[in-house]
Amino acid sequence: MGFALSDMKLTSSAFDHGGSIPARHTGEGADVSPALSWSGAPDGAASFALICHDPDAPLVSPGNYGFVHWVLYGIPASVSQLAEGTDDYIQGVNNFGN
């Protein structure tokens, strides 16, 4: 298995690049996932996984850094966007234990 470099780009209509994530999309708000879309996936991609990792969050356990807020996987390669609040695909376990 090789590693393919690409110019993959992930964007959201819910907030600006470099901007703050609106409270609606946080655990302090409605905790609804934002709409996301991507382009530039590597040729031959079989599926996608999304990991929302916050490297600046306080340590959650010794030997770890940051905080994993959201894990989603099993996204077919034919998919290039997720609707707000999607419950499609497989939700992984985050550092909240959800």
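The values are calculated or read from the model by the stated rules, or taken from the named source; none is laboratory data. All values derive from a computational prediction rather than experimental measurement. Please note: Cβ atoms are built from the backbone with ideal geometry, for glycine as well, and neighbour counts cover all protein chains shown.
Some points to look at:
- Picking from residues in region 43-59 that are within 21 Å of Ile90 (Cβ to Cβ) and over 11 Å from the mean Cα position of the chain (by Cα), the one that is modelled with the lowest pLDDT is Ala45.
- Every residue from region 49-81 that is surrounded by 12 or more Cβ atoms within 10 Å (Cβ to Cβ), part of a loop (DSSP other than H, G, I, E, B) and at positive phi: Gly66
- Just so you know, in region 89-98 the residues that are assigned to a loop (DSSP other than H, G, I, E, B) and in contact (Cβ under 8 Å) with a residue 12 or more places away in the chain include one that is farthest from Pro55 (Cα to Cα), and it is Tyr89.
- For Gly19, the requirement of being modelled with pLDDT under 95 and small (Gly, Ala, Ser) is met.
- Among the residues of region 49-88, none is identified as without any contact (Cβ under 8 Å) to a residue 12 or more places away in the chain, within 20 Å of Ser12 (Cα to Cα) and in contact with a Leu (Cβ under 7 Å, 6 or more places away or on another chain).
- Among the residues making up region 5-48, those that are out of contact with any strand residue (DSSP E or B) (no Cβ under 9 Å at 6 or more places or on another chain), surrounded by fewer than 11 Cβ atoms within 10 Å (Cβ to Cβ) and either in contact (Cβ under 8 Å) with a residue 12 or more places away in the chain or in a strand (DSSP E or B) (or both) are Leu5, Asp43, Gly44.
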